[in-house]
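A short write-up of the structure that comes next.
The values are calculated or read from the model by the stated rules, or taken from the named source; none is laboratory data. Remember, it's a predicted structure, so these values are computed and weren't measured experimentally. A quick note on method: Cβ atoms are made from the backbone with ideal geometry, for glycine too, and the neighbour counts reach across all protein chains shown. All accessible areas refer to the heavy atoms of the entire protein, side chains included, with ligands and DNA or RNA removed. Shrake-Rupley method; radii C 1.70, N 1.55, O 1.52, S 1.80 Å.
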Amino acid sequence: MDGERLGGKVAAMFTTRRDVVERAFNQLGQNIIGLTHSINEQQKQGQTLDGAIGDNLFNDINSIETMQKRVLSHNDGLGSAQLSLRVDDLSQLSADEYGLVVNSYDTTTPPGTIEFTVTNASTGESQILTVDLSSTERIDIPNSGLSLGIDAIIATDPQPGKTFTLRPTRLAAMEASLVETNPAKVAAADAQIKANAGETEQCGDATMRVSALNNSADPLYMDADNPLQISITSNIAGVITYEIVDKNGTPVTLPTGSTGNFVPPKVPGDVLTGLTVTPDLLTGKAIFNFAGIEVELERGQPASGDTFDLTYNETGDGDNRNILAMGELQNKKIMNGNKATFQD
């Protein structure tokens, strides 16, 4: 309803809700996302009392359900689609909302392409987004820290003029929750195996982390003198091809007793080249399982030539480096273009 047409106090109430209350909800949500997500990400860089890699302390801001709730589909009789909105970059995230309008849906070459106009409701800035439905990649909304996913076309194809509202932060404060209450699950120590981008310049924008330490007795499990590296050889049509190499850059031969979920399957004596992994369409995540550990592709897309080092990092009882790093987050400028802390 347009409150301006009613005039007087009623119009003033509608204006206050639109310009003050709703904005405040969005700003509070922005702050909560910064707080909970940064703590969760630091938690995943550490190791718990029982030797496991840390898991989320707070709710996942990019769960499938949460991403889909950020998109409001208008009941305009112009078809339907299930969209999702992911928060990729806290530094670019704002309290702004966006309008999304379908310009065209071309199915000449199935599954087709959709063209949208996305408009920042605060600044009025508009941009064109073209989504190839045959691709597994999400589409970045420039200068927003957000990416859009087309999860499904539902029943009736979206027609030109179909509208959506993107609300990245509106529900974040309401949905925030503590999901881990056992203090033993706080990852206070630094993780024993770390995953970092290789020394050569990366062409893609992928980030990886060690997500599980399953078997330190695996013959390929890293130690101080024997790091491993994931080397990306191609990323075509949503399928990532990679190999596992040693510190000299030589592809590793699978030893007896070492296990992994390799695609295609590998047996002892096989060289660990030509391996593939397919990121999940909705979340963009993928798991590399080998050498007694699991490595998670968290976000972004690696490109041919990108490398990720897996190195041993001495840690154990009494190590508190990760909990100190978690406490230091309150002083890190990770919000508003890296100009403000979530505390600010």
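Numerical summary
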quantity: Extended-chain gain in nm, criterion 0.36 nm per residue less alpha-carbon gap, ASP89 and ALA224; calculated: 45.3 nm
quantity: Set of aspartates and glutamates near LYS339 by C-alpha distance (under 20 Å), chain-local residues within fewer than 8 positions excluded; calculated: GLU41, ASP88, ASP89, ASP96, GLU328
quantity: PHE25 accessible area, 1.4 Å probe, all protein chains in place, Å² to nearest 10; calculated: 110 Å²
quantity: Set LYS44/LYS332; LYS162/LYS285; LYS44/LYS285; LYS194/LYS247; LYS69/LYS162 screened for pairs whose C-alpha atoms are more than 20 Å apart; calculated: LYS162/LYS285
quantity: Cα-based helix-to-principal-axis angle, 22-43 vs the chain, degrees rounded to 10; calculated: 0 degrees
quantity: Reduced Cα scattering model of the range 66-126, Debye log10 I(q)/I(0), q = 0.13, 0.14, 0.18, 0.21 Å⁻¹; calculated: -0.45, -0.52, -0.83, -1.06
quantity: Inter-site label distance for LEU281 and ALA212 at 7 Å from Cα along Cβ, in nm; calculated: 2.4 nm
quantity: Modelled label reach - LYS333, point 7 Å along Cα→Cβ, the range 40-64 residues with backbone N closer than 17 Å; calculated: none
quantity: Extension gain, ARG321 back to ALA52 (0.36 nm per residue minus Cα-Cα distance, nm); calculated: 95.3 nm
quantity: Residues listed by number, the range 252-281, amide nitrogen under 18 Å from SER234 label point at 7 Å toward C-beta; calculated: 263-265, 272-279
quantity: Volume per residue that the Cα convex hull of the range 24-135 spans, once the total is divided by residue count, Å³; calculated: 144 Å³
quantity: Interchain or long-range residues, amide H under 5 Å from ALA212's placed H; calculated: GLU294
quantity: Accessible area in square angstrom per residue, the chain, 1.4 angstrom probe; calculated: 49 Å²
quantity: For the chain, built as a Gaussian network whose Cα springs stay under 10 Å, the top-fluctuating residue of THR207, THR109, THR256; calculated: THR109
quantity: Positive-end residue of LEU220, VAL186, GLN202, charge dipole of the range 185-225 with Cβ unit charges; calculated: VAL186
quantity: Within the chain, helix-based [θ] at 222 nm, where runs of 4 or more DSSP H residues each add -39,500 (n - 2.57), nearest 500; calculated: -4000 deg cm²/dmol
quantity: Probe 1.4 Å - accessible area at THR36, Å² to nearest ten; calculated: 10 Å²
quantity: Segment GLU314-THR256, extension gain: residue separation times 0.36 nm, minus the distance between their alpha carbons; calculated: 18.3 nm
quantity: For the chain, the Rg and Dmax computed from alpha carbons only, in angstrom; calculated: 22.8, 81
quantity: Accessible area in the full protein assembly, largest first, 1.4 Å probe, for SER126, SER63, SER216; calculated: SER216, SER126, SER63
quantity: Normalised per residue, the volume of the convex hull around the Cα set of the range 130-212 (Å³); calculated: 232 Å³
quantity: Proximal charge balance of VAL277 [Cβ under 14 Å; K/R count +1, D/E count -1]; calculated: -4
quantity: Where only C-alpha atoms are counted, convex hull volume of the range 208-344 per residue in Å³; calculated: 146 Å³
quantity: Mean-position separation - Cα centroids, the range 38-52 and the range 86-164, in angstrom; calculated: 34 Å
